[in-house]
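Structure, as structure tokens:
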Amino acid sequence: IRAYHLQYSADRISRKRGVQLLNQLIAAGERRVQKAALADIKPDALFGSLLEKKFVDVLRAYVEQRQGTWETTIIKGHQGFRFTLPGSGRLWELELQPVLGMAQGVLTSSQPDFLLQCDDVHIKPLAIFTDGFEYHCSPNNRLADDLHKRRAILESGNYLVWSVTWDDLLEGASSTLMVCPSPIAQV
């Protein structure tokens, strides 16, 4: 802890704090539960909101209703989902909580709820936001910041953006027109 190269930071280094952190890490390790398979992980822990989970549930039901394939997989080191629809010849991946920033050509960093990508290079990845009214407007109005971030994603030219609300996911809503980018809606 008190290495020579850290001599100028000595006033901010604490052995006592180091011991506390180490004890917390050891205690967390003792509470760790090993899982035999990815399917053993509770999916509820993957989502930041009920709307996110509902979106995945509705999408999965849609795929399975049409006799498509749906599987849990690893995308960029995290759990995600991969699916196909019969007759389309396309493979889709749904990444959870991706970070889009300068490395992806997006000038204002943001974290959509999902990134839907297709193996067809002619279809741009789709940044999906599923936050409801409460998150955006209560107790603080975040709409301007959200619009700025979504605009930056669009202006990158690398992505499309889709905002999904609770109303879009209600039973029977599939018969109404959702605001979805046309290249995705036509697939």
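The values are calculated or read from the model by the stated rules, or taken from the named source; none is laboratory data. Predicted, not measured: the structure shown is a model, and the values here were computed from it. Heavy atoms of the whole protein, side chains included, go into the accessibility calculation; ligands, DNA and RNA do not. Shrake-Rupley method; radii C 1.70, N 1.55, O 1.52, S 1.80 Å.
Tabulated data
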{"item": "Solvent-accessible surface ranking, highest first, for ILE74, ILE153, ILE13 at 1.4 angstrom", "result": "ILE74, ILE13, ILE153"}
{"item": "Candidate lysines for bridging to LYS149, where Cα separation is under 21 Å - those fewer than 8 sequence places away on the same chain excluded", "result": "LYS124"}
{"item": "Probe 1.4 Å, all protein chains present, accessible-area order of TRP92, TRP70, largest first", "result": "TRP70, TRP92"}
{"item": "Potential lengthening between ALA103 and THR73 on full extension [0.36 nm per residue; Cα-Cα distance subtracted]", "result": "8.4 nm"}
{"item": "Under 24 Å from the Cα of LYS35 - lysines, other chains or at least 8 residues apart", "result": "LYS53, LYS76"}
{"item": "Share of carbon and sulfur in the accessible heavy-atom surface of segment 56-112 [1.4 Å probe, %]", "result": "52"}
